[in-house]
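Okay, handing you the structure first.
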Amino acid sequence: MQSHRQFAPCRLGKRYPCGFTVVELLVATGIIMILIGLLLPAVQMAREAARRIQCTNRLHNIGIAALSHESAHGYLPSDGWGYRWVGDPDRGFGANQPGGWIFNLLPYVEQEEVRRLGKGEPPAQKVNTFASRFGYAFDLFYCPSRRSRGVFPYTETSFQLVNSRLPATAAKSDYAISAGSVEVDGGPGPRSYLDAAYRWPPLDQMNGVSFVRSQVRASDVRDGMSRTILVGEKHVPIDAYLTGSTVGDDQGIYIGDDADIRRFTVVPPQPDAMVDNPPGGRIVHAFGSAHPSSTQFVMCDGSVERISFEVDVHRFRLMGGRYDGGRAFRRP
């Protein structure tokens, strides 16, 4: 007599085994988890690629703005007077302007009205207007791989600014201009507009494209515009993205020459995960990025280059100087 397997009737009235066994469920779950594990890195890579393209476009636009400034004034944007000063719209451009390169670029990135804030006001009123200007942030100066546009804590409160109140928060920049291959601190700047006794740092040691009271012409970039760094991503420690707790990100974008907006090529670019000072220079003066494996730079001709964290130290250093024989280190 033949034995027959008994099947319980299912909802559709057909006789077949219903549901899954525990083993089948575990196998199916395992396959799904493997597929998710394979898919997530691909999604993350695609997102990073898109963010890197955005970063490239922003650097390119900064480069075009700097060239427009050079065309209008005869020199690349100056980096102001020092870290105790902010931009003043009544002081024009060049050596007489206490604000840094970002302040000087504002008319060339369609932000003339922000640069004009406080124009013609008496000094007692300007200090308040200039403090409020720190609240104006722009996508152009943020790398999307690091953080979104916004204002972040202004934490450098150990000294007062000369021509502005200290703000509580400020717009930041993920990009810094190149002051050259020699690490020279630009200093705080004079104590007042009329401080004739102030001794400016030695400009003959500053071989970059923008520094204290600079007026570097395109013809001064003797290594070639395509071979000399103009602006690059600056190093910011990962745990300081939103806190303003690192020295090179503790003020804001409208100040004069300072590590917040200016860096040197003394050491190769450093990943944001690096927190120790690399041999040969201070990390607060280093370029760097949140991107894997490399940092992006816009050269003086407006082209954007990707430079590896493993770049040769000497080769990278030369790229920061405008007349020392440096050559661009292009990606393979």
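Taking the condition of being more than 30 Å from Gln160 (Cα to Cα) and either touching a Ser or Thr at 6+ places or on another chain (Cβ under 8 Å) or at pLDDT below 95 (or both), how many residues in the range 61-95 meet it?
Residues in the range 61-95 being more than 30 Å from Gln160 (Cα to Cα) and either touching a Ser or Thr at 6+ places or on another chain (Cβ under 8 Å) or at pLDDT below 95 (or both): 2 in total.
Still on this model: Test of understanding: among Gly208, Gly232, which residue is assigned to a strand (DSSP E or B), touching a residue at least 24 places away in the same chain (Cβ under 8 Å), in contact with a strand residue (DSSP E or B) (Cβ under 6 Å, 6 or more places away or on another chain) and of a type in the set (Gly, Ala, Ser)? Spell out how you get there, then give the answer.
On the way: Gly208 fails: assigned to a strand (DSSP E or B).
Only one candidate passes the filter, namely Gly232.
While we're on this one: Name the residues in the range 97-127 that are in a helix (DSSP H, G or I) and touching a residue at least 60 places away in the same chain (Cβ under 8 Å), would you?
Matches in the range 97-127: Trp101, Ile102, Phe103.
Can you tell me which residue is surrounded by the most Cβ atoms within 10 Å (Cβ to Cβ) among those in the range 147-163 that are within 28 Å of Ser294 (Cα to Cα) and in contact with a helix residue (DSSP H, G or I) (Cβ under 9 Å, 6 or more places away or on another chain)?
Phe152
Now, a different point. Against the definition (surrounded by fewer than 11 Cβ atoms within 10 Å (Cβ to Cβ) and at pLDDT 75 or above), how does Thr21 come out, yes or no? Even if it seems obvious, please write down each step before you answer.
Numbers: surrounded by fewer than 11 Cβ atoms within 10 Å (Cβ to Cβ): yes; at pLDDT 75 or above: yes.
Here the answer is yes, as Thr21 does meet what is asked.
Filter the range 267-308 down to residues that are small (Gly, Ala, Ser), over 13 Å from Val236 (Cα atoms) and either at pLDDT 95 or above or not in a loop (DSSP other than H, G, I, E, B) (or both), then give me how many there are.
Going through the range 267-308 one residue at a time, the tally reaches 4.
Filter the range 164-212 down to the residues that are within 24 Å of Thr243 (Cβ to Cβ) and hydrophobic (A, V, I, L, M, F, W, C), then identify the one that is surrounded by the most Cβ atoms within 10 Å (Cβ to Cβ).
Going through the qualifying residues, I end up with Ile177.
Taking Ile62 as the residue in question, decide whether it is of a type outside the set (Asp, Glu) and in contact (Cβ under 8 Å) with a residue 24 or more places away in the chain.
Judged against the criteria, Ile62 is a match.
While we're on this one: May I ask you to list the residues in the range 238-259 that are among the acidic types (Asp, Glu) and closer than 20 Å to Ser294 by Cα?
Selection gives Asp239 alone.
Scan the range 267-282 and give yes if some residue there is touching a residue at least 40 places away in the same chain (Cβ under 8 Å), crowded, with 23+ Cβ neighbours inside 10 Å and farther than 26 Å from Ile64 by Cβ, otherwise no.
Kept after step one, since they are touching a residue at least 40 places away in the same chain (Cβ under 8 Å), are these residues of the range 267-282: 267-269, 272, 281-282.
With crowded, with 23+ Cβ neighbours inside 10 Å added as a condition, the list becomes 267-269.
With the extra rule that they be farther than 26 Å from Ile64 by Cβ, the set shrinks to 267-268.
Checked against the condition, which is being touching a residue at least 40 places away in the same chain (Cβ under 8 Å), crowded, with 23+ Cβ neighbours inside 10 Å and farther than 26 Å from Ile64 by Cβ, the range 267-282 yields at least one hit.
Go through the range 65-96 residue by residue and tally those that are surrounded by fewer than 20 Cβ atoms within 10 Å (Cβ to Cβ) and either of a type in the set (Gly, Ala, Ser) or without any contact (Cβ under 8 Å) to a residue 12 or more places away in the chain (or both).
Looking only at that region, the number is 9.
Here's a follow-up. Tell me which of these Phe130 doesn't satisfy, since it passes every other one: (1) surrounded by fewer than 22 Cβ atoms within 10 Å (Cβ to Cβ); (2) touching a residue at least 60 places away in the same chain (Cβ under 8 Å).
(1)
Please tell me if Ile255 is at pLDDT 95 or above and either of a type in the set (Gly, Ala, Ser) or farther than 25 Å from Arg51 by Cβ (or both).
yes
Cβ-Cβ below 8 Å, separation at least six or inter-chain, first residue in the range 152-170 and closer than 13 Å to Ile255 by Cβ and at pLDDT 95 or above, second part of a strand (DSSP E or B) and β-branched (Val, Ile, Thr): which pairs?
What qualifies is Tyr154/Thr169; Leu161/Val86; Leu161/Ile255; Asn163/Val86; Ser164/Val86; Ala170/Val151.
Could you tell me whether Leu140 is crowded, with 19+ Cβ neighbours inside 10 Å and assigned to a helix (DSSP H, G or I)?
Criteria met by Leu140.
The values are calculated or read from the model by the stated rules, or taken from the named source; none is laboratory data. Fair warning: this is a prediction, and the values are worked out from it, not measured in the lab. As a convention, Cβ positions derive from the backbone with ideal geometry for all residues, glycine included, and neighbour counts pool all protein chains shown.
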